[in-house]
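A.B. asks: Handing you a structure now.
The values are calculated or read from the model by the stated rules, or taken from the named source; none is laboratory data. Here the structure is a predicted model, which is why all the values come from computation and not from measurement. Using ideal geometry, Cβ is built from the backbone for each residue, glycine included, and neighbour counts are taken over all protein chains shown. Please note that ligands, DNA and RNA were not included when accessible areas were found on the heavy atoms of the full protein model with its side chains. Shrake-Rupley method; radii C 1.70, N 1.55, O 1.52, S 1.80 Å.
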Amino acid sequence: MNEDDRGLPEALKDFVPRPAPLHLRQKILAAATAIPPAGRFLTAAQWGMVAACALLVIGSLAVDAALSRTMVRRLDVLLNERPAAFPVTDADRTGFEEILGAAQARALYAPSARLRQDRTVSMQGRTNWDESVMEDKENADVREKNPR
Amino acid sequence: MQLDELYDAYGDALYRYLTLKLGSAHDAEDALQETFVRLARYVGRRRFIRDPKAFAFRCAYNEANRFWKKRLRRRDEEIAFRPDLASLIFQGPHEASEIRLGEALAALSAEQREVILLKDFEGLTFRAIGSACGVSTHTAASRHRYGMDRLRAYFGEKK
């Protein structure tokens, strides 16, 4: 096959191909780069976003774990090492008693005061449970004697 | 070769080819975008492609056919080529000569116009034209020969 043939007619020799409009380049490349290559699930930009999200999640989990470890360590210190490291002072004891007293008062005047009263530990170290049980027994005895 | 390099190498030629095939600059822009979207999928596999230029034109050819089939449902119809389209594709010494070239091209069949554009203005070989247009090398060469005969006759008559 003769590739050269006889070439263009003389009248066509002065013609040159016209370039495509300039605005097309940016528009087309923007559209084409948004498409993932064949055989790939996401574009490079989308993979980047996924990696950033994954790093964020891993980072937040690591920070959470570190904070939890610190909390556990502090609790451990409070529960086990406090007497040695930080001995309980009289001020602490007074504060604790005030808090406990307030809690007890609130329990006494609450709607279900009776129930709470039974379960509340008094400051003297004994329970009101004995008294309430005794009252119940007395009331039962009275009911037996006077059934009406 | 990256996508921007691909556009710089073949973008203009594909635009001219699609304008010639579709007969409209606006449709050519849409089809060119679709062509590059399709080419973008093959950017990573380009080492397997023997002739990138022919491959790019083949993508454009398929896209043009898809375009016609989808929008106009006239794939097998002869696409009317308006003489004024020549001024979008070629730059001549003056406007009258561009119109004259358009009239000469309009006198050819769509296949002959296509082969003459690809061979004489875009520099593809008959083999590449054959693989781009889905015909044999001999068919591409004969279309070119008949087309050139008609062009010569046209310009001979006018002269």
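A.B. asks: May I ask you to list the residues in segment B:115-132 that are open to solvent by 10 Å² or more (accessible area, probe 1.4 Å) and out of contact with any strand residue (DSSP E or B) (no Cβ under 6 Å at 6 or more places or on another chain)?
C.D. replies: B:K119, B:D120, B:E122, B:G123, B:T125, B:R127, B:S131
A.B. asks: Scan segment A:70-80 and tell me whether some residue there is at pLDDT below 75 and not in a helix (DSSP H, G or I).
C.D. replies: Looking through segment A:70-80, none of the residues is at pLDDT below 75 and not in a helix (DSSP H, G or I).
A.B. asks: I'm trying to understand the selection: among the residues of segment B:140-150, which are within 11 Å of chain A (Cβ to nearest Cβ) and closer than 21 Å to B:L18 by Cα?
C.D. replies: Initial filter on segment B:140-150 (within 11 Å of chain A (Cβ to nearest Cβ)): B:140-142, B:144-145, B:147-150.
Those that are within 11 Å of chain A (Cβ to nearest Cβ) and closer than 21 Å to B:L18 by Cα: B:A140, B:A141, B:H144, B:G147, B:M148.
Results for (1) open to solvent by less than 60 Å² (accessible area, probe 1.4 Å); (2) more than 20 Å from B:S131 (Cα to Cα); (3) under 15 Å from the mean Cα position of the chain (by Cα), shown as yes or no for each residue.
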{"residue": "B:A13", "(1), (2), (3)": "yes, no, yes"}
{"residue": "B:R16", "(1), (2), (3)": "yes, no, yes"}
{"residue": "B:S24", "(1), (2), (3)": "yes, yes, yes"}
{"residue": "B:L32", "(1), (2), (3)": "yes, no, yes"}
{"residue": "B:L39", "(1), (2), (3)": "yes, no, no"}
{"residue": "B:Y42", "(1), (2), (3)": "no, no, no"}
{"residue": "B:D51", "(1), (2), (3)": "no, no, no"}
